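Engineer: Next up is a structure, given as structure tokens.
Where a number appears in this text, it was derived from the coordinates with a stated rule and is not lab data. Quick caveat, the model's predicted, so the values are computed rather than measured. We place every Cβ from the backbone using ideal geometry, glycine too, and count neighbours over all the protein chains shown.
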Amino acid sequence: MQRISKLSLLALAMLLPSFTKAQEQAEMADVMRSDGKIYVVVAVILIVLIGLFVYLFTIDRKVTKLEKKLGK
Amino acid sequence: MKNWLKIVAVILLLYAHIAGLLLGVPRLNILNETIRCLYFHFPMWFVMTLMYSISLFYSIRYLRNPQLGTDHRAVEYANTGLAFSLLGLVTGMQWAKYTWGTYWVGDPRLNGAAITTLVYVAYFVLRGSVENQEQRSRLSAVYNIFAFAAMVPLIFIIPRLSSSLHPGAGGNPGFSSFDLDNKMRMVLYPGVIGWILMGLWIASLRVRIRTIEEKVNELDYAKN
């Protein structure tokens, strides 16, 4: 009996560092990264961003055109 | 604004978004992955401050030498600043929901930011309520100086004197409590520059559109 409890105590002592380690390590979206799904998010955000840039450039061109028209 | 600066803005922002999502960040409890919000939330306030400062500069210049073009610049920079401050508020609220559990806490930092936004909204209300152009320009230029003078203590002084959930309280500058490591700086600062250029670009577009508007009005007036 005593032997079993000693063994379990030893097992606990061995496991303890891994428990505390888990607590120290804050939970992050590691699974999402290893799955590669994060790239989907990056792609979607980039599409929106690039779309906005293209839109801004078209507005810029339009304004330049109007300026030229008025300059005459 | 020079065309190459626009390209630089595009490149920096593309980099900030990719690196902001993919590069490593410190593993912190409570914040977890949301620490990345810093890359997008903080630049909004930085750009807002810069836009309001430029607006103040043009307002003072208008009072020294009243010219319509100067007034246009003052308005449009304030307008762009307001847009960024609204984005800053909304992104901050979203972030707060996940880290503090609520969209809004009544602490000096958040309330100061909200009051500043209202002060600048009042600038546009004031402009809209005066018919005469010269009066409107002069009154709003004076008001703009007071608005900026209110913003500085509301955003930069009072929050630092009191305790707050928001980082930067108790005299700490900005985000030192994030233990901002060099990896994060390498994403944050290029992003800030990118957003600044973006803000300047949008403001310059608005100024140009307003100038065109003014010219069209003059032509109409000449016709009649």
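Engineer: Count the net charge of all other residues whose Cβ sits under 12 Å from the Cβ of B:ALA96, scoring Lys and Arg as +1 and Asp and Glu as -1.
Structural biologist: +1
Engineer: Stretch B:VAL216-B:LYS2 to full length: gain in nm at 0.36 nm per residue minus the Cα-Cα span?
Structural biologist: Separation in residues times 0.36 nm, less the Cα-Cα distance, equals 74.5 nm.
Engineer: Then there is this: What is the sum of charges around B:SER55, taking Lys and Arg as +1, Asp and Glu as -1, for the other residues whose C-beta is under 10 Å from the C-beta of B:SER55?
Structural biologist: 0
Engineer: Determine the shape class of the range B:1-53: with a ≥ b ≥ c the square roots of the Cα gyration tensor eigenvalues, call it rounded for a/c under 1.5, and otherwise prolate if a/b is greater than b/c, oblate otherwise.
Structural biologist: Oblate shape, in that a/c is at least 1.5 and b/c is the bigger or equal ratio.
Engineer: Which FRET efficiency, nearest 0.05, do A:VAL40 and B:THR102 yield, Cβ-Cβ r, R0 25 Å?
Structural biologist: 0.25
Engineer: If I model a spin label at A:ALA26 and B:VAL125 as a point 7 Å from the Cα along the Cα→Cβ vector, what separation in nanometres do I get?
Structural biologist: 3.9
Engineer: Can you tell me the length gained on complete extension of the stretch B:LEU14 to B:LYS183, counting 0.36 nm per residue apart and subtracting the Cα distance?
Structural biologist: Full-extension gain reported as 59.1 nm.
Engineer: Rounded to whole Å and sorted largest first, what semi-axes of the equivalent ellipsoid does the C-alpha gyration tensor of chain B yield via the square root of 5 times each eigenvalue?
Structural biologist: Value: 35, 22, 13 Å, ordered largest first.
Engineer: Find out how many positive minus negative residues lie around B:ARG136, taking Lys and Arg as positive, Asp and Glu as negative, among other residues whose Cβ is under 9 Å from that of B:ARG136.
Structural biologist: Cβ neighbours under 9 Å give a net charge of -1.
Engineer: So if each residue of separation counts as 0.36 nm, and I subtract the Cα-Cα distance between B:GLN133 and B:ILE158, what length gain in nm does that give?
Structural biologist: My answer for the length gained is 5.4 nm.
Engineer: If you project the alpha carbons of the protein assembly as shown onto the principal axes, what extent comes out on each, in Å, largest first?
Structural biologist: 107, 41, 27
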